[in-house]
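Below is one structure, written out as C-alpha cells; comments come after it.
The values are calculated or read from the model by the stated rules, or taken from the named source; none is laboratory data. Bear in mind that the values here come from a model prediction, so they are computed numbers and not experimental data. Using ideal geometry, Cβ is built from the backbone for each residue, glycine included, and neighbour counts are taken over all protein chains shown. All accessible areas refer to the heavy atoms of the entire protein, side chains included, with ligands and DNA or RNA removed. Shrake-Rupley method; radii C 1.70, N 1.55, O 1.52, S 1.80 Å.
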Amino acid sequence: MLFTSLGLSEPILKAITETGYTQPTPIQAKAIPLVLEGKDVLAAAQTGTGKTAGFTLPLLERMVQNHKPIGTHKGQPKRHIRALILTPTRELAAQIAENVEMYAKYLPYKSTVVFGGVNINRQINVMKQGIDILIATPGRLLDLCSQKVVDLSKVEILVLDEADRMLDMGFIHDMKKVVKLIPKNRQTLLFSATFSKEIKVLASGFQTNPNLVEVAAQNKTADRIAQLVHPVDKKKKKDLLVKLISDGQWKQVLVFTRTKHGANKLCEHLEQEGIKSAAIHGNKSQGARTKALANFKANSIRVLVATDIAARGIDIDMLPHVVNFELPNVAEDYVHRIGRTGRAGREGEAVSLVCVDENDYLRGIERLIAQKIPSIVVAGFEVDPSIVAEPINQGGGRGRRGGGGGQSRGNNNSGSRGSNNRGRSENSDKKSSNSRNRSRSRNRSTSRNNSSDS
Ligand code: AMP
C-alpha cells in the first residue's frame, strides 16, 4: 500500500514525500482510514510503530476537510484550537510537535507545544497569537486553561497519546479535567501501548463507539530486535559496559539505569573512560535534556544514560544499541526500553547486564515476553558464585507490578492497584512519579507558577 491511496490531500502527501516515507506502517494503514471517516479510534500501538504519523496525518486531513477560514483581517474569524494532542512527557510532546510541524508544512495551520519545566510566559504569548493545533502535557495545559490563556471549547479532535503512561504517571484526574473542557461532539483518538482493563475503562468514558486498532500482539517484543543477557557481578557492570562499547565500536548507545543517581554516576564513569556521555532524568532541566538529546542525535555524544521516565517516547532514528545497565523493576518497561531500538522496521540490539540481584526481574520479563533471552557470559566477567542476591532498593518501598522480583517477593501488600501503581522508580532518590505528580497537582492549586512540571 502507498500513502497516495489513503485519501490524504496534496499538501500532506507532499510533506510525507519529503520525509522519504512511501508506505504507511501497519498502524498508519489501519488507523488513517478510520480517522478520516470521523470515527473514534482506540489504538494499541507502541512507540516505534509510526503511531505519531498514524494520528497526525489524518488529524490534519480532517482539519482540511472541515475547512474553516482563518482570518488575519478584521472581521474574519480568529484562529482557535481545533486539535489537541495530550501526551505524558515533555520529550514526547516536543517530538510530536516536530512531527506536526513537518507534516503540516504546506498547510495554513499554526501549531505549538506547551509543557512544564520551562517559562510559562513565552507559551502564554504564543497562545495569545492564536493556534490551531496544540500539543501539551496535562499539567501545564491545565495551568494555561486556568489562566484563561487556552480555550478548548472549539476543539474538534482530541488525541490522547500514550494514554497508558498518562495513567501510570497519575494524570487521570488531569485528563478528566481537560476532557471536560472540550465539546462532547468531538472526535477522540486514544493511543496506548496495550489495551489494559484500565485503558478500556478510560476509553469508555472519553470515546463514542471507538473502533479498535491493534498492530502487534500485546507485550510482544519485535522480532527485529536481537536481545541478549550478559550475567555479570554488580560491581563489574561499568567495566563490562565500557568493554562492550569499545570492542563493539558502538557509536550511539542508549543506556538505562533504574535511578537518577545511578544515571549520573554511570555517566561520570564513562566520561572518565573517554566515552562522551550525557544523562537525562527527572532532575535535569528541560534545557539540559533537550541539549543532551540533540547532541546524542547529532552523534556528538556516544552514550545517553537515561531513566525510564526521561527516556519514554524519545525518538531517535536508527538507534542501533540499547543497554539495560539495570533491569527495570516493572517488566513492561523492558518492552518499552528495547522498543527504542529497531524502530520502524530497522534492526537493533538490546543487551541487558544482569547481576544476581536481578534474576527475578529477568524471569518476570521473560514470562511477560514469553521468550527466553539468550544469555552469554563475557570472558573476564564471569559471575562470582559466592555472591548472594541482595534486595534492590526501590526507593521508599513502593509497590511494583508484574514480572519484577528481587526483594519485592512476598511484598505485594504495598497498595498496588494494577498499572496505576507500578513502583516506577526514578527513585534513587525520593519520590515516584505518581507521588510527584500528585504533589504537583496539589501545588498547582496553591502556587500556579511552581506547578507545571509535567
Ligand atoms: P513513532 O512510533 O511515531 O515514534 O515513529 C517511529 C519512527 O518511525 C519515527 O522515526 C518515524 O519518523 C518513523 N516513521 C513513521 N512513519 C513511517 C513510515 N511510514 N515509514 C518509515 N518510517 C516511519
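Can you give the Kirkwood hydrodynamic radius for region 349-390, in Å, rounded to one decimal and based on Cα pairs?
It works out to 11.7 Å.
For region 112-165, take every pair of Cα atoms, bin their distances at 10 Å starting from 0, and report each bin as a whole percent.
21, 60, 18, 0
Ranked highest first by average number of other Cβ atoms within 10 Å, how do 331-338, 60-67, 358-365 line up?
Packing proxy ranking, top to bottom: 331-338, 358-365, 60-67.
With every protein chain kept in place and ligands, DNA and RNA left out, what is the accessible area per residue of region 225-369? Probe 1.4 Å, answer in Å².
35
Would you mind computing the Rg to Rh ratio of region 1-149 from its alpha-carbon coordinates, Kirkwood style for Rh?
0.97
Putting +1 on Lys and Arg Cβ atoms and -1 on Asp and Glu Cβ atoms, find which of Ile120, Ile27, Ile16 reaches farthest to the positive end of the dipole of region 1-144.
Ranked along the dipole, the leading option is Ile120.
Roll a 1.4 Å probe over the protein heavy atoms and report the accessible area of Lys237 in Å², nearest 10.
Taking all protein chains as shown, Lys237 has close to 10 Å².
Need one word for region 225-369: rounded, prolate or oblate. Basis is the Cα gyration tensor (sqrt eigenvalues a ≥ b ≥ c); a/c below 1.5 gives rounded, then a/b vs b/c decides.
Cα axes put region 225-369 in the rounded bin.
Could you rank the peptides 129-135, 80-86 by their average count of other C-beta atoms within 10 Å per residue, with the highest value first?
80-86, 129-135
Please give the charge dipole size of region 1-131, origin at the Cα centre, charges +1 on K and R Cβ atoms and -1 on D and E Cβ atoms. Round to the nearest 20 debye.
That gives a dipole near 580 debye.
Return the carbon/sulfur percentage of the accessible area of region 225-369, one whole number, probe 1.4 Å, all protein chains in place.
Accessible surface attributable to carbon and sulfur in region 225-369 totals 48 percent.
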